[in-house]
Amino acid sequence: MSTGFDRDPDEFTRGARALVVYPDLGGSTRDADARLEETAGLALAIGIEVVDRVPLRIRAPKPGTLIGSGQVEALAETVAANELSLAVFDAALTPVQQRNLETGLGCKVIDRTGLILEIFGERARTAEGRLQVELAHLDYQAGRLVRSWTHLERQRGGFGFLGGPGETQIEADRRLIRDRMARLKRELDSVSRTRGLHRERRQRAPWPVIALVGYTNAGKSTLFNRLTGADVMAENLLFATLDPTLRQISLPGIDKAILSDTVGFVSELPTQLVAAFKATLEEVVSADILIHVRDIAHPDTMAQKDDVETVLKEIGVDPATSRFEAWNKLDLLDGDAREALLGEAAKRDDVVAVSALSGEGVSTLIEQVASMLTQGHRRYRIELDPSDGAGAAWLHQHGEVIGHRVEAGRAIYEVRMSPKDHERFEVRAT
């Protein structure tokens, strides 16, 4: 039986016939079938053919293999009978467990973290995204001994978790990994400083920032495209969007705002990725409003919500940041389920039910965002030099100019605006 180790890495990744295994350790709020479906979707996202899905109940994790010896034998029979080249374990495997399972099953084995990192490696398009994924990969790989990996100079997407020897194979030791990680961190620190300068410039401008957050495949990019008229990649794939996208939009009573589409979260998001993508996720941390886009038709929608809230907490989002939920994918519901959902959403002021695909409810969502940005506006008396045309234009764009007069060589404006906008104007003035 061929194990696939001698195949071309691109062919292996894209054409691999795989078994997805979910070791149920107990205590999870998720349905085992839904979890298997999600992991199969992750595999599909990089072209792996999922031949079989197996849930396994684990009474006590085995240090050497995680699962029991009888379960290993049963899976090995499945691998052999179906000529599979890969087993994807929806769990975190230690290096020893991964190696022992490869020996026991007779095929390549990767865990959930490795699979997610492989997807991120293929999907990252910007130089920043590639740096972030490589750093996360190296952090994960540092404690593992693998047959071969080609993370430093690969031409294809991905970072070699699934493949065999590549065209530019590099047998790296831990010292090389540490050195490379140090260089990547320096480069990302520079990226973070540049992004911070851009963010500071926007705040001086200033324009409110609205960030779309949510579980992967919840429909954030589809909603982003609906609101901005952009053409960001929006497919029915997990992690279709990795690199952050910013667009200018207009809202009722607000001349200009910035809408940010961000990477989707997922349950048990690898800590290496959370750390590596910190610079990108700073857009979320500094946002004025968070719109939590939820796939309300998904059977695990509540568990997905909890996962997103966990990641938001991990990256340091202020609990006081204004936010509301967009219950997306109404188009997938009908009958009593749809009516019940609409009724529940109508009772809450922190929820808007929408279909980003059809546009249903999007106008209500826009009104909600505008209302949140303009609520609490106060009246301010602002003095400007009569020649400060830019300042006067800013006040007209970002506030409601109630009155204007000239006294003692100064232009006096009576303006109604939010305290945050007033603070931004004061920063601009200094």
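None of the figures in this text is laboratory data; all of them are computed from the coordinates on show. All of these numbers come straight from a predicted model, not from anything done at the bench. Ideal geometry is used to build each Cβ from the backbone, glycine not excepted, and the neighbour counts take in all protein chains shown.
Tabulated data for the structure shown
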{"quantity": "Prolate/oblate/rounded call for the stretch 286-371, Cα gyration tensor, a/c under 1.5 rounded", "calculated": "oblate"}
{"quantity": "Under-5 Å amide H pairs with E360, H placed in peptide plane, nonlocal only", "calculated": "S355"}
{"quantity": "Estimated vicinal HN-Hα couplings, Hz - the stretch 399-415 in sequence order (Karplus 6.51, -1.76, 1.60; Gly, Pro = x)", "calculated": "x, 9, 6, 8, x, 8, 8, 10, 9, 6, x, 10, 8, 9, 10, 9, 10"}
{"quantity": "Taking R338, R379, R405 and counting other C-beta atoms within 10 Å, the order from fewest to most", "calculated": "R405, R379, R338"}
{"quantity": "Selected from H396, G409, L365, residue furthest toward positive end of dipole (the stretch 362-430; charges at beta carbon)", "calculated": "L365"}
{"quantity": "Distance (nanometres) between label positions extended 7 Å along Cα→Cβ at E360 and A32", "calculated": "3.5"}
{"quantity": "Alpha-carbon Rg/Rh ratio, for the stretch 207-374, with Rh computed the Kirkwood way", "calculated": "0.93"}
{"quantity": "Per-bin percent of Cα-Cα distances, the stretch 378-429 [10 Å]", "calculated": "26, 62, 11"}
{"quantity": "Calculated log₁₀ intensity ratio I(q)/I(0) where the Debye formula runs over C-alpha points of the stretch 360-405, q = 0.18 Å⁻¹", "calculated": "-0.67"}
{"quantity": "The stretch 301-362, dipole about Cα centre (Lys/Arg Cβ +1, Asp/Glu Cβ -1), debye to the nearest 20", "calculated": "100"}
{"quantity": "Check: the stretch 378-429 dipole with +1 on Lys, Arg Cβ and -1 on Asp, Glu Cβ, in debye", "calculated": "180"}
